[in-house]
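Colleague: Next up is a structure, given as structure tokens.
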Amino acid sequence: MTRFLFWLALAFLVLFAIRSKLRGLQDRARRAQQQQPQQPTHPFAQAGRRVEELPDAEQMLCCAHCGVYYPASENVPAKGHNYCSHAHATV
Ligand SMILES: [Zn+2]
């Protein structure tokens, strides 16, 4: 009988130790979550603004020769197509 009580007490102690350890981990995770300020996941997602409304967003064009996307300000139009450079426009 004492042997049974010993094993029962040991089982309770192990369960108590596991529960307190898990609770400590949960508290630490919750505290770490509260300390980090909520940041928007994507810069365009803030305040519901669209990409076209952002001042530094520039339209991108695809080069008809190499297929590279480049800013529209660097466009070299030729023969009815858009090119990324004079070298590709003259080929
Ligand atoms: Zn190109």
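Colleague: Between a residue in the stretch 71-91 that is free of Cβ contacts under 8 Å to residues at least 40 places away in the same chain and any residue that is in a helix (DSSP H, G or I) and near the ligand (Cβ under 9 Å from one of its atoms), which pairs come within a Cβ distance under 7 Å, given they are 6 or more apart or on different chains?
Modeller: Listed by first residue and then by second, the contacts come to Val76/Ala89; Ala78/Ala89; Tyr83/Ala89.
Colleague: It is to be established whether one or more residues within the stretch 20-32 are within 16 Å of the ligand (Cβ to nearest atom) and either modelled with pLDDT of 90 or more or open to solvent by less than 60 Å² (accessible area, probe 1.4 Å) (or both).
Modeller: Looking for residues that are within 16 Å of the ligand (Cβ to nearest atom) and either modelled with pLDDT of 90 or more or open to solvent by less than 60 Å² (accessible area, probe 1.4 Å) (or both), one finds none in the stretch 20-32, hence no.
Colleague: Among the residues of the stretch 52-62, is any part of a helix (DSSP H, G or I) and modelled with pLDDT under 60? Outline the logic, then answer.
Modeller: Of all residues in the stretch 52-62, those part of a helix (DSSP H, G or I) come to 52-53.
With the extra rule that they be modelled with pLDDT under 60, the set shrinks to 52.
Within the stretch 52-62, one or more residues are part of a helix (DSSP H, G or I) and modelled with pLDDT under 60.
Colleague: May I ask you to list the residues in the stretch 67-91 that are within 10 Å of the ligand (Cβ to nearest atom), surrounded by 14 or more Cβ atoms within 10 Å (Cβ to Cβ) and not in a strand (DSSP E or B)?
Modeller: Cys84, Ser85, His88, Ala89
The values are calculated or read from the model by the stated rules, or taken from the named source; none is laboratory data. Remember, predicted model here, so these are calculated numbers, not experimental data. As a convention, Cβ positions derive from the backbone with ideal geometry for all residues, glycine included, and neighbour counts pool all protein chains shown. When the accessible area is computed, the model is the full protein with side chains, heavy atoms only, and any ligands, DNA or RNA have been set aside. Shrake-Rupley method; radii C 1.70, N 1.55, O 1.52, S 1.80 Å.
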